[in-house]
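Reviewing the structure listed below.
Each reported figure results from applying straightforward, stated rules to the coordinates on display, with no laboratory input. What you are looking at is a predicted structure, and each value in this text was computed from that prediction instead of being measured. Please note: Cβ atoms are built from the backbone with ideal geometry, for glycine as well, and neighbour counts cover all protein chains shown.
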């Protein structure tokens, strides 16, 4: 089957659901109702065709920026238990999902469903890059991750299975790691700018757990349904996580306090993992020296949920142009010459279109158009023809206007 840049709604798998219930978060409620995802179990979702398009649009924006500073690979989701024992993390991470093979023997092998890939990428790098000439280098992937989340909730914000971009950089010195850290920070800003998030902050927090450096960054998005409390110092402009702030010194005059949802983070791992795997490099004088690492993550599916939390109204989702599954939602009751002319114009401008050709009332189609949230809505009807053409509306604007059919390409551009 050939897929062009036009999709008939009548042929689309996963349409809007009138029987959908209200969930514990806006993103779960709207994404399920609008036909983007389906819940299999708490924290586990199927991405339907439109949802997959949104997810891949986010991934492609991330990939476009990450390709400039790293090589993309794809590591396995499954890892043998012993590789996690080597770093000691098997005893320190309480959200590990474990699996046991089905062979009924006394030595049944145990596996870990990876929530992150430090244990896999470090020995992988060790096989290929051992000389000072090989450094610095960075590897990234976009992969499905797993967490044995005890309280899976809030739709895509806290799941047991989720999509993530994780990047790992390798360096011969802390100085070089610090330099790359700042480079990656700039590319993260580019990603969020392209995605179209207006309300986000970079938040410094104290290190702990798996991370070995006090310079860690979280990218927090202002979100009423977020699980983090963010403190914005109005005097210095700095943002802090709740764990980093001295609450005894807080005054409302000095701080703005709001809820946030973490969309990304970057950490300096130092030599924790390279030491665990005895991964060193040979310097110019043939001596063995330590290797420093950094890790840089973006929650792809989580970001999709955050976008819905902050980009919606009472009628449904409001996708930005770069993220939307289609550019145009086109409503018409009949595919006559006028409709075909509009569709051809859309094709000529390299736009994608969801054609609502279902045999239902136009009022229901208009409601679904708002619910699905595609940026541009076109309505061709007898009324619009009598008024001079086709009705044109931007999703997040109230006004509509009638534009001549032969002039539609200027509006689409």
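Over all alpha-carbon pairs in segment 233-338, figure out the percentage whose distance exceeds 20 Å.
Of the Cα pairs, 71 percent sit more than 20 Å apart.
Looking at segment 1-159 only, what percent of DSSP beta bridges run antiparallel? Nearest 5 please.
Among the beta bridges of segment 1-159, antiparallel pairing accounts for roughly 85 percent.
Can you sort 285, 327 from fewest to most other Cβ atoms within 10 Å of each residue's own Cβ?
Values: 285 7, 327 19.
Ordered from fewest to most neighbouring Cβ atoms within 10 Å, 285, 327 come out as 285, 327.
Quick one: angle between helix 300-310 and the longest Cα principal axis of the chain, in degrees between 0 and 90, rounded to 10, please.
The helix 300-310 is inclined about 50 degrees to the chain.
Sorted from fewest to most neighbouring beta carbons within 10 Å, what does the list 158, 193 look like?
193, 158
Between 0 and 90 degrees, rounded to the nearest ten: what's the tilt of helix 49-66 against the longest Cα principal axis of the chain?
Here the helix axis deviates by roughly 50 degrees.
Taking the chain as a Gaussian network, Cα atoms linked when under 10 Å apart, which of 194, 133, 15 shows the biggest mean-square fluctuation?
Greatest mean-square fluctuation among the candidates belongs to 133.
What angle, in degrees between 0 and 90 and rounded to the nearest 10, separates the Cα long axis of helix 362-372 from the longest principal axis of the Cα atoms of the chain?
That works out to roughly 20 degrees.
Roughly how far apart, in whole Å, are the Cα centres of segment 215-256 and segment 336-378?
For segment 215-256 versus segment 336-378, the Cα centre distance is 43 Å.
If the viscosity is 0.692 mPa s and the temperature 37 °C, what Stokes-Einstein diffusion coefficient in µm²/s follows for segment 331-379 when Rh is the Kirkwood radius over Cα pairs?
So the translational diffusion coefficient is about 284 µm²/s.
Antiparallel as a % of all DSSP beta bridges within the chain, to the nearest 5?
Close to 80 percent.
Translational D (Stokes-Einstein, µm²/s) of the chain at 25 °C and 0.890 mPa s when Rh comes from the Kirkwood sum over C-alpha pairs?
103
Compare 263, 34, 42 in a GNM of the chain, Cα atoms joined below 10 Å, and give the one with the largest fluctuation.
It is 42.
Can you work out D for segment 69-159 in µm² s⁻¹ from Stokes-Einstein, where Rh is the Kirkwood radius over C-alpha pairs, the temperature is 25 °C and the viscosity is 0.890 mPa s?
161
Among 343, 97, which comes first, then next, by fewest other beta-carbon atoms within 10 Å? Before the final figure, lay out each step's value.
Numbers: 343 19, 97 16.
Listed from fewest to most nearby Cβ atoms, that is 97, 343.
If one puts a single equal scatterer on every Cα of segment 1-99 and applies the Debye formula without solvent, what log₁₀ I(q)/I(0) results at q = 0.15, 0.22, 0.25 Å⁻¹?
One equal scatterer on each Cα of segment 1-99 leads to -0.93, -1.12, -1.21.
Indicate, rounded to the nearest 5 percent, the antiparallel portion of the DSSP beta bridges found entirely in segment 326-412.
Taking every DSSP beta bridge within segment 326-412, about 45 percent pair in antiparallel fashion.
Compute the orientation-averaged projected area for segment 300-355 from the convex hull of its Cα atoms and round it to one decimal in nm². Could you put the intermediate results ahead of the total?
Working: hull surface 19.8 nm².
Over all viewing directions, segment 300-355 projects a mean Cα-hull area of 5.0 nm².
Once the Cα atoms of segment 326-412 are picked out, what are the Rg and Dmax in Å?
Calculated on Cα positions, Rg and Dmax stand at 11.7, 30 Å.
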